[in-house]
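K.L.:
Structure in structure tokens, see below.
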Amino acid sequence: MKLDRYDLKILEILSRDGRITKSKLAEAINLSVSPCWERVRRLEKAGIIEGYGARINPGALVKRTPVWVQIELKQHNAESFARFEALVHETPEVTECVAVGGGVDYLMKVEADSVDAYQRLIDAWLTSDVGIERYFTYIVTKAVKRPAPGLARGDFLS
């Protein structure tokens, strides 16, 4: 699907404000309401817009200790990666995890009840057969920038 400047502007605006009214969205991109809303429906139908949601502040519900962790596995093969990734998926305290290149295998964000709870989780992983060679822990002292829902401006505008 080819996207033009109107489509990209719609995506930019909706990624920041999914609750914007049809008329305000149309006004922001300089189109009338009907053609603007047709574009939104086309983007939804094409799967580019997957849905709409609210960004929830988990800290307002339950105080958690965010920790970033670098993980290096002992072995670098498909079975080892699959075993580790399965463990990540079944661990609710892991809220983000990405595989990376450049010296470590994974970066992940763990949100535990406390530093002690985080350490107990890691200790259990180290004594399991998941195959962690080494890990480095970074305790978050302050959130500087939180991810916004949807795409960031630089993801689709160039």
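The values are calculated or read from the model by the stated rules, or taken from the named source; none is laboratory data. Treat the numbers as computed from the prediction; the structure is a model and nothing was measured. In this analysis, Cβ positions are derived from the backbone assuming ideal geometry, glycine residues included, and neighbour counts consider all displayed protein chains. Please note that ligands, DNA and RNA were not included when accessible areas were found on the heavy atoms of the full protein model with its side chains. Shrake-Rupley method; radii C 1.70, N 1.55, O 1.52, S 1.80 Å.
K.L.:
Any idea how many residues of segment 84-127 are in a strand (DSSP E or B), among the small types (Gly, Ala, Ser) and open to solvent by less than 50 Å² (accessible area, probe 1.4 Å)?
P.N.:
Residues in segment 84-127 being in a strand (DSSP E or B), among the small types (Gly, Ala, Ser) and open to solvent by less than 50 Å² (accessible area, probe 1.4 Å): 1 in total.
K.L.:
Scan 64, 19 and give me the residue that is open to solvent by 80 Å² or more (accessible area, probe 1.4 Å) and farther than 28 Å from residue 127 by Cβ.
P.N.:
Testing whether each residue is open to solvent by 80 Å² or more (accessible area, probe 1.4 Å) and farther than 28 Å from residue 127 by Cβ leaves just 19.
K.L.:
Which one is farthest from residue 105 (Cα to Cα), of the residues in segment 67-79 that are under 18 Å from the mean Cα position of the chain (by Cα) and open to solvent by 40 Å² or more (accessible area, probe 1.4 Å)?
P.N.:
Looking at the filtered set, the residue picked out is 68.
K.L.:
If residue 7 meets every condition in (1) open to solvent by 100 Å² or more (accessible area, probe 1.4 Å); (2) assigned to a helix (DSSP H, G or I) apart from one, which number is that one?
P.N.:
Answer for residue 7: the failing condition is (1).
K.L.:
Cβ-Cβ below 8 Å, separation at least six or inter-chain, first residue in segment 47-58 and farther than 14 Å from residue 10 by Cβ and at pLDDT below 85, second of a type in the set (Lys, Arg) and open to solvent by less than 60 Å² (accessible area, probe 1.4 Å): which pairs?
P.N.:
Partner pairs satisfying both residue conditions: none exist.
K.L.:
If a residue has to be assigned to a helix (DSSP H, G or I) and surrounded by 11 or more Cβ atoms within 10 Å (Cβ to Cβ) to count, how many in segment 42-56 make the cut?
P.N.:
3
K.L.:
Could you list all residues from segment 135-158 that are farther than 13 Å from residue 66 by Cβ and either in contact with a Pro (Cβ under 9 Å, 6 or more places away or on another chain) or at pLDDT 95 or above (or both)?
P.N.:
135, 136
K.L.:
Go through (1) over 16 Å from residue 136 (Cβ atoms); (2) of a type in the set (D, E, K, R); (3) in contact with a Ser or Thr (Cβ under 6 Å, 6 or more places away or on another chain) one by one and return the number of the condition residue 12 breaks.
P.N.:
For residue 12, the exception is condition (3).
K.L.:
So which residues in segment 10-41 are more than 21 Å from residue 53 (Cα to Cα) and not in a helix (DSSP H, G or I)?
P.N.:
30, 31, 32, listed by residue number.
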